[in-house]
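Here is the structure we will look at, set down as structure tokens.
The values are calculated or read from the model by the stated rules, or taken from the named source; none is laboratory data. This structure is a prediction, so every number in the text was calculated from the model and none was measured. Note that we place each Cβ from the backbone using ideal geometry, even for glycine, and neighbour counts take in every protein chain shown. Ligands, DNA and RNA are excluded from the accessible area calculation, which covers all protein heavy atoms including side chains. Shrake-Rupley method; radii C 1.70, N 1.55, O 1.52, S 1.80 Å.
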Amino acid sequence: LHQLPGLSLNARLPMPPQVGAYLDGDGPYPITSLEARDPLASELALRMPAGLAFLLRPHAQTLLLRPGAGLDAVLALAAGADRVLLPTDEPLLLWALRRPYASFSRELLFDPRLQVLPVTSRAALRGADGDYDIVLFALSDPFRPVTSGAFSLSEDYLLTREALAEAYDSLAPDGLLVITRWLGTPPSESARAWATLLAALETRGVQDPAARLVAYRGMRTATMIAAGRPFTVAELASVRRFLETNGYDPIHLPDLDPSELNRHNRLPEDTYHELFAALLEDLPGTADSYAFNLRPPSDERPYFFHFFRWRQIPDVLATLGRVMQPFGGSGYLVLLGLLAVMLMLSLALAAAPLLLREGRAARPGFAMVAYYACLGGGYLLVEIAIIQRLTLLLDRPAIALAATLFLLLLSSGAGSLLSHRLPLRYAFAGLGLALLALLLTLPRVVSAALPWPLWARFLLDAALLIGPGFLMGVPFAAGLRLLARREPRLIPWAWAVNGAASGVSGVLAAMASLDLGLSATMALGLAAYLVAWAAQRRL
């Protein structure tokens, strides 16, 4: 098998040897046995969608975002780039290119024109300001059918409005921002990338986006190019020659003639052009009326692959049992199913003290139930929002999950251990202020710290979380001591209610993050702690 996403169907070239790397079962990421100075590499580069950018900007200083296993780096060098910078998004892939596959990849990472940056793609954008002739968002991730929704719950901070705006800021005055995404039927991934690019240009005050944009498609991919200035007549002539040579169809050109549409990769209706034009004309209205969710993702809602809309449910129900992937645009319905399961299990858990003699002998009041339920719910809402927010700071979800859980649970345990030394009212006051400070400042702090080395970001993570985590551990232990003095038979109820609320709120936190955003999820957690504070005064 070979992986050259978007390769022109007009290319009559031998394919270079490749091996596929998989990370956590996701892939393949192609490692290509091709030397950048090989004539085959130059021919392939001009037959790939991003080749147009290197024709328009020869000898480019290039920032290659999310470079995968080096395919786009080889092609960029072969296309004539003077310098290519690769961020470190997946250290294992770069390790493979340096060590076991160094010879197979023709010593790619040792090319003097190539520089590996010690930061991720998003951090690389923070350190750039007008430096690059080309900023290329490589299509290194595999095709993912929109109907499965398998990736709708995963954060992607490189495909947000803020990331694209930072990429546009990093361009030289006549630089080019290039994005290639997979085509879907109906249009989804490519259309959302276009909508996000339009939103990013709007945030940067671009008044004439149509004059600075070019978009075209092959059989499986769509490529969008945004220029730092309007395209010239000569550049548009070069664009047309490139599209004609490679059999690509224009989706948008500043001076597009309708006769140029849908000539090579022919469709019954050119839905891509129609949708892209509608988004360019009225982004909010078109995104709101479309079948899939095309609202541009942001750092507040970094879910690029979350296409679900409630209006899809009739279609989903109509296909249940008839197709292999029935979830019509998202894994959101899986969350709803999980929520139903968690509610049933949590009700059973909350009633479990009835099986104990102590539980049957006492009945919890409303204030006690509210107190322990809000402590359990508030903890999970805050914890999950912080984990998702710190994924940007710590590069990847697994690291953010491990570091945040470790710090919060360790500090909360210390807070529980020392809770007898801190009056509960002071603990609640301090916790409210600490969570409010995180809510207001965490996005800006994370953004400012992106260029820092990883060890410094870990220290920042600890500094941000140890204080709030300590205070989050105080109320539950303090409440148990209060029950032990007043009504020890209620202690099983306290554990059961707290555990049940924690289980349900974990799912609710994921749903709130998708629908309302990360700040809203943390605000809900803060509100839960405020309710717990009010309830403890009535215990």
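Can you sort Phe104, Phe110 by 1.4 Å-probe accessible area, starting with the largest?
Numbers: Phe104 60, Phe110 120 Å².
In descending accessible area the options line up as Phe110, Phe104.
Net charge near Met224, counting Lys/Arg +1 and Asp/Glu -1 over other residues with Cβ under 14 Å of its Cβ?
Working: positive: Arg181, Arg192, Arg212, Arg217; negative: Glu189, Asp249.
That sum, taken over residues with Cβ under 14 Å, equals +2.
Please report, to two decimal places, log10 I(q)/I(0) for segment 285-430 at q = 0.18, 0.19, 0.21 Å⁻¹ as given by the Debye formula with identical point scatterers on the Cα atoms and no solvent.
Taken in order of the listed q values, log10 I(q)/I(0) reads -1.23, -1.27, -1.33.
Over the Cα atoms of segment 238-284, compute the convex hull volume and normalise it per residue, giving Å³. Intermediate results must be reported in sequence, preceding the final value.
Numbers: hull volume 3.6 nm³, N = 47.
Normalising the Cα hull of segment 238-284 by residue number yields 77 Å³.
Counting only protein heavy atoms and using a 1.4 Å probe, what share of the accessible area of segment 162-261 belongs to carbon plus sulfur, as a whole percent? Kindly include the intermediate steps, with their values, before the conclusion.
Numbers: 1830 of 3220 Å².
The computed percentage sits at 57.
Which distance in nm do the two modelled labels at Asp515 and Ser289 give, with both placed 7 Å along the Cα-to-Cβ direction?
Going by the 7 Å Cα→Cβ label model, 2.5 nm.
Taking the Cα atoms of the chain alone, what are Rg (to one decimal) and Dmax (as a whole number) in Å?
According to the Cα coordinates of the chain, Rg and Dmax are 26.5, 86 Å.
If the only charges are +1 at each Lys and Arg Cβ and -1 at each Asp and Glu Cβ, what is the size of the charge dipole of segment 82-131 around the Cα centre, to the nearest 20 debye?
Details: 7 positive and 7 negative charges, 31 e Å.
So the dipole magnitude of segment 82-131 works out to roughly 140 debye.
Tell me, what are the semi-axes, in whole angstrom and largest first, of the equivalent ellipsoid of segment 353-504 as set by the roots of 5 times the Cα gyration tensor eigenvalues?
Taking √(5λ) for each Cα gyration eigenvalue gives 34, 15, 12 Å.
Which longest run of the chain has no exposed loop site in it, a site being trypsin sites (Lys or Arg not before Pro) in a DSSP loop with at most 16 other beta carbons within 10 Å, and the site itself not part of the run? Intermediate values should be presented prior to the final figure.
Numbers: sites that count: Arg12, Arg37, Arg113, Arg204, Arg220, Arg263, Arg266, Arg322, Arg537, Arg538.
So the longest stretch without any such site is 323-536.
Run the Debye formula on the Cα coordinates of segment 79-165, all scatterers equal and no solvent, and tell me log10 I(q)/I(0) at q = 0.14, 0.23 1/Å.
Listed by q, the Debye log ratios stand at -0.65, -1.30.
With axes computed from alpha carbons, what is the tilt in degrees of helix 233-246 against the longest principal axis of the chain, rounded to the nearest 10 within 0 to 90?
90 degrees
Considering amide H positions built from the backbone, and no H for Pro or chain starts, which residues 5 or more places from Gly184, or on another chain, come under 5 Å of its amide H?
Placed amide hydrogens put Glu189, Ser190 under 5 Å from Gly184.
What is the diffusion coefficient of segment 6-115 in µm²/s, taking the Kirkwood radius over Cα pairs and the Stokes-Einstein relation at 37 °C with a viscosity of 0.692 mPa s?
Translational diffusion coefficient: 234 µm²/s.
Taking the Cα atoms only, what angle lies between the long axis of helix 424-449 and the longest principal axis of the chain, rounded to 10 degrees?
10 degrees
Would you compute, for the Cα atoms of segment 447-494, the largest minus smallest coordinate along each principal axis and list the three values in descending order, in whole Å?
53, 16, 15
What distance in nm separates the simple spin-label points at Phe458 and Glu260, each placed 7 Å from Cα in the Cβ direction?
Modelled inter-label distance: 5.2 nm.
Express the accessible area of the chain per residue in Å², computed with a 1.4 Å probe while the remaining protein chains stay in the model. Each step should come with its number before you reach the end.
Values: 22990 Å² over 539 residues.
Result: 43 Å² per residue.
Calculate how steeply helix 366-393 sits against the longest principal axis of the alpha-carbon atoms of the chain, using the helix alpha-carbon long axis, and give the answer as 0 to 90 degrees to the nearest 10.
20 degrees
Please report the accessible area of Val446 (heavy atoms, 1.4 Å probe, ligands and nucleic acids excluded) in Å², nearest 10.
0 Å²
Just grab the label-to-label distance for Leu23 and Ala351, each label 7 Å out from Cα along the Cβ direction, in nm (one decimal).
Calculated label separation equals 4.7 nm.
How much length, in nm to one decimal, is gained on full extension between Ala210 and Arg421, taken as 0.36 nm per residue of separation minus their Cα-Cα distance? Don't skip to the answer; put the middle values down first.
On the way: separation 211, 0.36 × 211 = 75.96 nm, distance 6.39 nm.
This chain segment gains 69.6 nm when fully extended.
Can you pull a Stokes-Einstein diffusion coefficient for segment 443-527 at 37 °C (0.692 mPa s), Rh from Kirkwood over Cα pairs, as a whole number of µm²/s? Mind showing how you got there, number by number?
On the way: Rh = 15.8 Å.
In µm²/s, the coefficient rounds to 207.
In the full protein assembly as shown, how much of Ile491 is accessible to a 1.4 Å probe, in Å² to the nearest 10?
Accessible area of Ile491: about 50 Å².
To the nearest 20 debye, what charge dipole does the chain have about its Cα centre, counting +1 at the Cβ of each Lys and Arg and -1 at the Cβ of each Asp and Glu? Display every interim value, and only then the final one.
On the way: 45 positive and 45 negative charges, 495 e Å.
Magnitude of the dipole: close to 2380 debye.
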